[in-house]
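Engineer: Here it is, the structure in full.
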């Protein structure tokens with residue numbers, strides 16, 4: 001009996017020491033481990049643009065990384081929090097996928113910080129697809145255009161059954177967007193209501209366009225050929241670049257971009273406000 005007790009005590013002691021050593025071997029990494037959910041969590045894709053090659057959680061979750069700025073052509077600038085990327089003509093970052101976002105996103109949310117001064121039609125992000133899938137060669141994209149007084153924001157989604165343009169324009173314009181200051185934008189599609197809510201700096205826009213009767217989004221991962229941050233779904237040819245061409249489905253984002261996140265869930269107003277107030 002005594003030997004059995006000693007064996008149990010010894011096993012518990014070894015387990016405690018192993019657990020303690022594991023904790024000691026895992027230094028605190030600031031906010032990033034909290035933000036970068038475990039695989040299977042609602043946060044499917046995250047790029048902070050603070051990039052270091054030594055900490056994958058600084059740039060994205062689930063093993064997708066942007067080794068910023070060594071493997072992309074965008075300049076590093078001061079961001080809403082830490083560093084950010086400065087978009088430029090014909091330049092963007094492309095990933096092979098957005099992890100399992102397309103597979104899991106029945107409801108979804110996009111959160112991003114942007115800084116915009118120059119006015120032209122350009123894209124914050126896109127998910128390209130073959131032109132045989134849709135004439136736009138996309139499954140999803142987010143673009144801005146218009147003027148400083150009347151900004152236009154359009155979020156396009158093509159899924160297995162139909163397509164939808166969520167638009168904020170005219171009387172529903174997102175005012176104060178093109179003032180060359182950092183602004184937080186969040187787009188939340190709720191399958192329960194079939195509506196998309198746009199938040200600017202933590203405040204919900206009064207217009208929430210409805211994808212009437214649509215419910216769950218059913219994206220098709222096998223049709224999506226990548227994820228582009230800072231450009232439209234289509235590509236310029238080398239000749240078009242040399243000619244200084246512009247095309248609304250190809251243009252790059254000419255502004256700052258920071259803290260890009262994709263969630264396979266509809267964030268609550270409180271969760272969006274936390275992203276804004278804590279500059280996440």
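The values are calculated or read from the model by the stated rules, or taken from the named source; none is laboratory data. Bear in mind that the values here come from a model prediction, so they are computed numbers and not experimental data. Neighbour counts run over all protein chains shown; Cβ positions are idealised from the backbone, glycine included.
Engineer: Among the residues of the range 143-166, write down those that are in a loop (DSSP other than H, G, I, E, B) and more than 25 Å from residue 89 (Cβ to Cβ). Talk me through it step by step, then tell me what you get.
Structural biologist: Step one: filter the range 143-166 for residues in a loop (DSSP other than H, G, I, E, B), giving 147-150, 159-162.
Correct list: 159, 160, 161, 162.
Engineer: Continuing with this model, one more query. Among the residues of the range 115-142 satisfying the criterion of being at pLDDT 95 or above, under 21 Å from the mean Cα position of the chain (by Cα) and not in a strand (DSSP E or B), which is nearest to residue 156 (Cα to Cα)?
Structural biologist: 136
Engineer: Every residue in the range 178-203 that is surrounded by fewer than 21 Cβ atoms within 10 Å (Cβ to Cβ), over 23 Å from residue 218 (Cα atoms) and over 17 Å from the mean Cα position of the chain (by Cα), please.
Structural biologist: 179, 180, 181, 203
Engineer: Go through the residues of the range 231-238 one by one and say whether even a single one is in a loop (DSSP other than H, G, I, E, B), touching a strand residue (DSSP E or B) at 6+ places or on another chain (Cβ under 9 Å) and under 15 Å from residue 112 (Cβ atoms).
Structural biologist: Within the range 231-238 (the criterion being in a loop (DSSP other than H, G, I, E, B), touching a strand residue (DSSP E or B) at 6+ places or on another chain (Cβ under 9 Å) and under 15 Å from residue 112 (Cβ atoms)), the answer is no, since none of the residues qualifies.
Engineer: Let me ask you something else. Name the single residue that is modelled with the highest pLDDT among those in the range 96-106 being under 20 Å from residue 197 (Cα atoms) and surrounded by 22 or more Cβ atoms within 10 Å (Cβ to Cβ). Break it down stepwise before answering.
Structural biologist: Initially, the range 96-106 is screened for residues under 20 Å from residue 197 (Cα atoms), giving 101-102, 104-106.
Filter again for surrounded by 22 or more Cβ atoms within 10 Å (Cβ to Cβ), leaving 101-102, 105.
Working: 101: 88, 102: 90, 105: 93.
The selected residue is 105.
Engineer: Further question on the same structure: Looking at (1) in contact (Cβ under 8 Å) with a residue 24 or more places away in the chain; (2) buried (at least 17 other Cβ atoms within 10 Å of the Cβ); (3) within 22 Å of residue 267 (Cα to Cα), which is the only condition residue 216 fails?
Structural biologist: (2)
Engineer: Pairs please, first residue from the range 150-165 and touching a residue at least 60 places away in the same chain (Cβ under 8 Å), second anywhere and part of a strand (DSSP E or B) and buried (at least 20 other Cβ atoms within 10 Å of the Cβ), Cβ atoms under 8 Å, 6+ apart in sequence or on different chains.
Structural biologist: Partner pairs satisfying both residue conditions: 157/139; 157/140; 157/166; 157/189; 159/139.
Engineer: Between a residue in the range 77-97 that is free of Cβ contacts under 8 Å to residues at least 12 places away in the same chain and any residue that is buried (at least 17 other Cβ atoms within 10 Å of the Cβ) and outside any strand (DSSP E or B), which pairs come within a Cβ distance under 8 Å, given they are 6 or more apart or on different chains?
Structural biologist: That search, which allows pairs on different chains as well, returns nothing.
Engineer: So, in the range 166-177, exactly how many residues are free of Cβ contacts under 8 Å to residues at least 12 places away in the same chain and under 18 Å from the mean Cα position of the chain (by Cα)?
Structural biologist: Step one: filter the range 166-177 for residues free of Cβ contacts under 8 Å to residues at least 12 places away in the same chain, giving 171.
After this cut, where a residue has to be under 18 Å from the mean Cα position of the chain (by Cα) as well, the list is none.
The total comes to 0.
Engineer: Separate question: Could you identify the single residue in 231, 266, 270 that is surrounded by 19 or more Cβ atoms within 10 Å (Cβ to Cβ), more than 25 Å from residue 76 (Cα to Cα) and at pLDDT 90 or above?
Structural biologist: On the way: 231 fails: more than 25 Å from residue 76 (Cα to Cα); 270 fails: surrounded by 19 or more Cβ atoms within 10 Å (Cβ to Cβ).
Answer to the selection: 266.
Engineer: What residue, among those in the range 200-213 that are assigned to a loop (DSSP other than H, G, I, E, B) and in contact with a strand residue (DSSP E or B) (Cβ under 7 Å, 6 or more places away or on another chain), is nearest to residue 86 (Cα to Cα)? Break it down into steps so the answer makes sense when it comes.
Structural biologist: Residues of the range 200-213 assigned to a loop (DSSP other than H, G, I, E, B): 201-202, 205-209, 211-213.
So of that shortlist, the ones also in contact with a strand residue (DSSP E or B) (Cβ under 7 Å, 6 or more places away or on another chain) come out as 201-202, 205, 207-209, 211.
Numbers: 201: 20, 202: 23, 205: 26, 207: 30, 208: 30, 209: 30, 211: 33 Å.
Among those residues, the one meeting the criterion is 201.
Engineer: I would also like to ask the following. From the list 109, 126, 136, 132, which residue is on the phi < 0 side of the Ramachandran plot and surrounded by fewer than 17 Cβ atoms within 10 Å (Cβ to Cβ)? Don't jump to the end; show me each part of the working.
Structural biologist: On the way: 109 fails: surrounded by fewer than 17 Cβ atoms within 10 Å (Cβ to Cβ); 126 fails: surrounded by fewer than 17 Cβ atoms within 10 Å (Cβ to Cβ); 136 fails: surrounded by fewer than 17 Cβ atoms within 10 Å (Cβ to Cβ).
So the residue among 109, 126, 136, 132 that is on the phi < 0 side of the Ramachandran plot and surrounded by fewer than 17 Cβ atoms within 10 Å (Cβ to Cβ) is 132.
Engineer: While we're here: With the condition kept exactly as written, say whether any residue in the range 164-183 is at pLDDT 95 or above and under 19 Å from residue 101 (Cα atoms).
Structural biologist: Yes, that holds for at least one residue.
Engineer: Please go through the range 247-280 and give me each residue that is more than 12 Å from residue 113 (Cα to Cα) and touching a helix residue (DSSP H, G or I) at 6+ places or on another chain (Cβ under 9 Å), ordered by number.
Structural biologist: Selection gives 247, 250, 262, 263, 264, 265, 267.
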